[in-house]
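Okay, so here's the structure we're looking at.
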Amino acid sequence: MLTGSYDVGLVLVSLLMAMLASYTALDMAGRVAAARDRAAAWWLAGGSVAMGVGIWSMHFLGMLAFRLPIAMGYDPSITLLSLLIAIASSLFALWIVCQAALSWSRLAAGAVIMGAGVCSMHYTGMAAMRMSPPIRYDPLLFVLSVVIAVVASGAALWIAFHLRQGMLGVRRLRMAAAVVMGGAIAGMHYTGMAAARFPANSHCIMAESGVSTGWLALLITIFAVSVLSIALIASVLDLRMEQRTAMLASGLADAKQELQFLALHDSLTRLPNRTLLNDRLDQEIQNARREQTRFSVLCMDVDGFRQINDAWGHPVGDQLLVEVARRIRSVIRSRDTLARLGGDEFVVLADVREPGDAVSLAEKLLTAIREPAHIEGHELHVSLSIGIALCDGFEQPGDLLRNADTAMNHAMALGHNGYVFFESSMSGDAQKQLQLLHDLRQAQERGELVLHYQPKFNAGDGAIVGVEALLRWNRHGLGLVPPGDFIPLAEKAGLIFQIGHWVLDEACRQMRAWRDAGHTEWSISVNLSALQFNHAGLIDMVRDVLRRHALEPRYLTLEITESTAMRDAGTSLLILEQLHAMGVNISIDDFGTGYSSLMYLKRLPASELKIDRGFVRDLTHDTEDAAIIAAIVALGRTLNLKIVAEGVETREQQEFLTRLGCNSLQGFLLGRPLPAGQFIEAVTGQSHAAAWDSLQLPA
Ligand code: C2E
Ligand code: MG
Ligand code: MG
């Protein structure tokens with residue numbers, strides 16, 4: 001019997017090769033599992049070649065490490081066959097671990113087939129030595145080698161299957177598993193080698209090939225390491241690409257989620273928007289009907305928001321809305337819905353069944369919003385107007401919202417900072433108001449606002465001394481709407497500032513044109529509402545408009561009513577003084593209808609008092625009115641104010657007022673308010689002087 005020996009260096013190299021091949025196999029299993037369709041097929045093919053070459057070269061190196069005291073050689077075709085067997089078993093193994101599931105029976109079958117494959121590779125490889133007489137095998141060790149091959153294959157399949165997903169720390173687990181697997185493969189090989197018995201007279205038929213064992217080992221090592229390295233590098237690159245794709249995909253998924261969110265939510269407050277609200281409203285209504293219960297819809301508008309937005313800008317307004325939303329949220333219950341319908345309008349669907357409970361909820365909301373908000377260094381005060389509609393499950397979502405909205409508009413009309421329950425009697429009235437408001441918002445864009453001009457005459461000689469600009473709304477299909485019918489609404493809705501700005505601008509533009517046409521003795525009067533008068537931007541707006549039209553301030557008169565001027569006399573005085581300092585004239589309109597404090601009147605930098613129409617109307621019959629006018633005239637003289645009488649409709653009134661000492665007259669008798677074109681025709685075409693010629697004035 002020939003006794004063989006081992007080259008320890010080559011044994012170690014073969015062991016390392018077994019581990020490297022195992023690691024590659026595990027890695028390839030991960031790639032095949034992650035890839036799809038064609039890519040998976042390529043990884044399966046490439047992976048089994050790499051793995052087969054790895055296992056085979058381990059085995060061949062192990063054979064090269066074995067030395068017999070006779071010359072040795074290997075049959076190339078049988079060696080090649082052993083390589084093909086290695087690749088085929090690898091292919092089968094990879095295929096098994098890449099299936100969706102690995103049942104115990106499949107694992108067992110796989111272990112047996114793969115174990116058989118590894119054994120046949122090994123013993124075919126041994127046969128390549130072509131020993132004569134043939135190698136004999138120790139039956140016990142032979143069986144042991146087969147058992148080791150089957151058990152090691154089973155373990156390898158199980159580990160590869162469970163490590164194929166790219167979980168956390170999978171690389172380290174794979175390395176550990178590769179060491180165990182490599183050890184098992186080498187164990188099978190060396191057990192198989194130990195089973196081999198070489199009779200004493202053995203000689204190797206292939207010994208003449210003459211390739212030195214050392215060179216062969218080096219070549220095989222280089223070849224196998226190259227194949228395995230290429231496979232591993234390709235695998236790392238592929239993994240990177242997969243991770244990048246996964247990152248991109250998750251980025252896309254996030255973006256999609258955000259888009260879906262934004263379709264149903266308001267981007268500023270991240271509250272549900274109208275679409276989502278309608279959906280929830282539908283559900284609540286169905287729920288109420290099914291369970292025979294009720295719930296409440298609260299529509300809320302933030303009073304004073306528009307003014308804050310105008311005065312401090314949108315960033316502050318936005319933060320205020322977020323704060324308001326936060327406070328409402330803190331009051332309602334978590335299962336209640338809070339939505340924002342754009343602007344400063346919020347809606348709550350509350351699980352509140354009784355009117356009494358709705359009242360306490362509304363009161364809690366009012367209290368929460370009333371607290372001043374501190375934003376960017378401003379202390380902001382706002383309140384809520386709340387409209388409440390109760391639903392018992394038989395309303396349409398649209399009607400319900402409209403009812404709550406109508407009630408809210410009533411709350412606003414009642415002076416804000418309060419709540420109103422919807423009543424069916426509100427509908428028609430509120431509907432009209434809403435339509436009016438809706439149209440008014442568009443009036444300016446559509447160019448439906450126009451100015452009419454009414455002349456103001458010198459009482460003594462009838463010369464035109466001024467022109468009052470009076471606003472009209474040429475409402476789409478409904479004719480001219482007088483200012484009294486829409487200015488209060490414009491004030492309530494905060495539209496008065498932009499409308500007032502347009503009026504001032506248009507009036508000054510017209511005045512500039514008339515002055516250029518030679519009417520240098522006229523001045524223009526523009527009415528200001530109380531809200532406009534108190535607006536922080538008034539002074540700048542007036543200055544800007546005058547500058548834009550190159551109009552000297554003394555040709556502009558601003559009319560404010562007596563009640564506006566006296567409401568907060570201290571503040572009014574400050575504003576009027578600034579306007580006066582600029583050179584603009586101030587006229588106190590509708591004088592006699594309010595309560596003037598003589599103290600303040602004395603200090604007001606006004607230049608004109610306009611006696612209210614009401615005193616002029618019955619002047620000739622009512623001695624009391626005559627006495628009042630006489631008193632106003634006397635007051636005006638003392639305070640050095642010009643007195644204008646408005647609403648002069650008859651010759652008697654004209655005569656009387658002139659005799660009482662009024663400086664200027666205005667009224668239908670002398671000139672009606674007319675659009676600019678007709679106005680010029682009227683005042684230049686006819687001779688107003690005629691009206692004065694026939695007057696019997698006192699000498
Ligand atoms: P006001 O400033 O006292 O304007 C005079 C009103 O009396 C005008 O009514 C005018 O058409 C009317 N009137 C003039 N002469 C006579 C007359 O002989 N008899 C009668 N019965 N009425 C006469 P109008 O244009 O309807 O304006 C009503 C009020 O609306 C104005 O009173 C003014 O306070 C306000 N207003 C008008 N235009 C504007 C505006 O541009 N801005 C603001 N804020 N208010 C305006
Ligand atoms: Mg006026
Ligand atoms: Mg007036």
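Which of (1) touching a strand residue (DSSP E or B) at 6+ places or on another chain (Cβ under 8 Å); (2) among the small types (G, A, S); (3) open to solvent by 50 Å² or more (accessible area, probe 1.4 Å) does G4 not meet, given it meets every other one?
Unmet condition: (3).
Of all residues in segment 473-499, how many are open to solvent by 40 Å² or more (accessible area, probe 1.4 Å) and within 15 Å of ligand 2 (Cβ to nearest atom)?
Count: 3.
Of (1) at pLDDT 95 or above; (2) within 16 Å of ligand 2 (Cβ to nearest atom); (3) surrounded by fewer than 18 Cβ atoms within 10 Å (Cβ to Cβ), S563 satisfies all except one. Which?
It fails just one condition, (1).
Given the condition within 16 Å of ligand 3 (Cβ to nearest atom) and part of a helix (DSSP H, G or I), answer yes or no: does some residue in segment 659-681 qualify?
Within segment 659-681, not a single residue is within 16 Å of ligand 3 (Cβ to nearest atom) and part of a helix (DSSP H, G or I).
Go through (1) among the hydroxyl-bearing types (S, T, Y); (2) open to solvent by less than 70 Å² (accessible area, probe 1.4 Å); (3) more than 16 Å from ligand 3 (Cβ to nearest atom) for T520 and report which single condition fails.
(2)
For segment 589-618, what are the residues that are surrounded by 22 or more Cβ atoms within 10 Å (Cβ to Cβ) and among the basic types (K, R)?
Hit for segment 589-618 is K610, nothing else.
If you take the residues of segment 274-300 that are under 21 Å from the mean Cα position of the chain (by Cα) and open to solvent by less than 30 Å² (accessible area, probe 1.4 Å), which of them is nearest to D405 (Cα to Cα)?
L277
Cβ-Cβ under 6 Å, sequence separation 6+ or interchain: first residue in segment 174-190 and touching a residue at least 12 places away in the same chain (Cβ under 8 Å), partner polar (S, T, N, Q). Which pairs?
Listed by first residue and then by second, the contacts come to A178/S22; M181/S22; G182/S22; M188/S145.
Among A234, A311, A255, A263, which is open to solvent by less than 70 Å² (accessible area, probe 1.4 Å), more than 22 Å from the chain's Cα centre (by Cα) and farther than 30 Å from P372 by Cβ?
A234
Here is a check on your reading of the model: is L81 open to solvent by 40 Å² or more (accessible area, probe 1.4 Å) and assigned to a helix (DSSP H, G or I)?
So L81 fits the description; yes.
Filter segment 94-110 down to the residues that are within 23 Å of A34 (Cα to Cα) and not aromatic (F, W, Y) and list them by number.
The answer is L94, I96, V97, C98, Q99, A100, A101, L102, S103, R106, L107, G110.
Answer yes if at least one residue in segment 125-141 is at positive phi and not β-branched (V, I, T), and no otherwise.
Yes, segment 125-141 contains a residue that is at positive phi and not β-branched (V, I, T).
From A41, A71, grab the single residue that is touching a strand residue (DSSP E or B) at 6+ places or on another chain (Cβ under 7 Å) and either assigned by TED's automatic domain parsing to the domain that holds G9 or at positive phi (or both).
Exactly one of A41, A71 is touching a strand residue (DSSP E or B) at 6+ places or on another chain (Cβ under 7 Å) and either assigned by TED's automatic domain parsing to the domain that holds G9 or at positive phi (or both), namely A71.
Would you check if there is a residue in segment 180-191 being of a type in the set (A, V, I, L, M, F, W, C), surrounded by fewer than 18 Cβ atoms within 10 Å (Cβ to Cβ) and modelled with pLDDT of 85 or more?
No, because not a single residue in segment 180-191 is of a type in the set (A, V, I, L, M, F, W, C), surrounded by fewer than 18 Cβ atoms within 10 Å (Cβ to Cβ) and modelled with pLDDT of 85 or more.
Would you confirm whether or not segment 575-582 contains a residue that is buried (at least 20 other Cβ atoms within 10 Å of the Cβ), modelled with pLDDT of 90 or more and either away from ligand 1 (no atom under 16 Å from the Cβ) or closer than 17 Å to L641 by Cα (or both)?
Yes - at least one qualifying residue is present in segment 575-582.
Quickly run through segment 314-329 and pick out the residues that are open to solvent by less than 10 Å² (accessible area, probe 1.4 Å) and touching a Ser or Thr at 6+ places or on another chain (Cβ under 8 Å).
L321, A325
Being among the charged types (D, E, K, R), more than 10 Å from ligand 1 (Cβ to nearest atom) and not assigned by TED's automatic domain parsing to the domain that holds G343 is true for just one of E506, E445. Which residue is that?
Criteria check complete, one pass: E445.
Could you tell me which of the residues D318, D279, D301 is part of a helix (DSSP H, G or I) and in contact (Cβ under 8 Å) with a residue 40 or more places away in the chain?
Being part of a helix (DSSP H, G or I) and in contact (Cβ under 8 Å) with a residue 40 or more places away in the chain holds for just one of D318, D279, D301, which is D318.
Kindly provide the set of residues from segment 464-493 that are out of contact with any helix residue (DSSP H, G or I) (no Cβ under 8 Å at 6 or more places or on another chain), away from ligand 3 (no atom under 16 Å from the Cβ) and in a strand (DSSP E or B), ordered by number.
Passing the criteria: V465, N474, G479, L480, V481.
Check I586, I629 and return the single one that is within 16 Å of ligand 2 (Cβ to nearest atom) and open to solvent by less than 20 Å² (accessible area, probe 1.4 Å).
Answer to the selection: I586.
Keeping to segment 647-665, report how many residues are free of Cβ contacts under 8 Å to residues at least 60 places away in the same chain, among the aliphatic types (A, V, I, L, M) and more than 16 Å from ligand 2 (Cβ to nearest atom).
Selection size over segment 647-665: 1.
Go through segment 7-28 residue by residue and tally those that are farther than 20 Å from S235 by Cα and open to solvent by less than 10 Å² (accessible area, probe 1.4 Å).
1
Any residue at all in segment 533-552 that is open to solvent by 60 Å² or more (accessible area, probe 1.4 Å) and within 16 Å of ligand 2 (Cβ to nearest atom)?
no
Check whether at least one residue in segment 114-131 is of a type in the set (V, I, T), more than 22 Å from V179 (Cα to Cα), part of a helix (DSSP H, G or I) and open to solvent by 40 Å² or more (accessible area, probe 1.4 Å), and report yes or no.
no
With a cut-off of at least 2 residues that are touching a Leu at 6+ places or on another chain (Cβ under 8 Å) and open to solvent by less than 50 Å² (accessible area, probe 1.4 Å), name the strands (runs of 3 or more DSSP E) lying wholly within segment 349-426.
373-375, 383-391, 418-421
The values are calculated or read from the model by the stated rules, or taken from the named source; none is laboratory data. Source: prediction; values computed, not measured. Because the Cβ atoms are built from the backbone with ideal geometry, glycine has one as well, and the counts that use them run over all protein chains shown. Accessible surface is based on the protein model in full, side chains and every heavy atom, while ligands, DNA and RNA are left aside. Shrake-Rupley method; radii C 1.70, N 1.55, O 1.52, S 1.80 Å.
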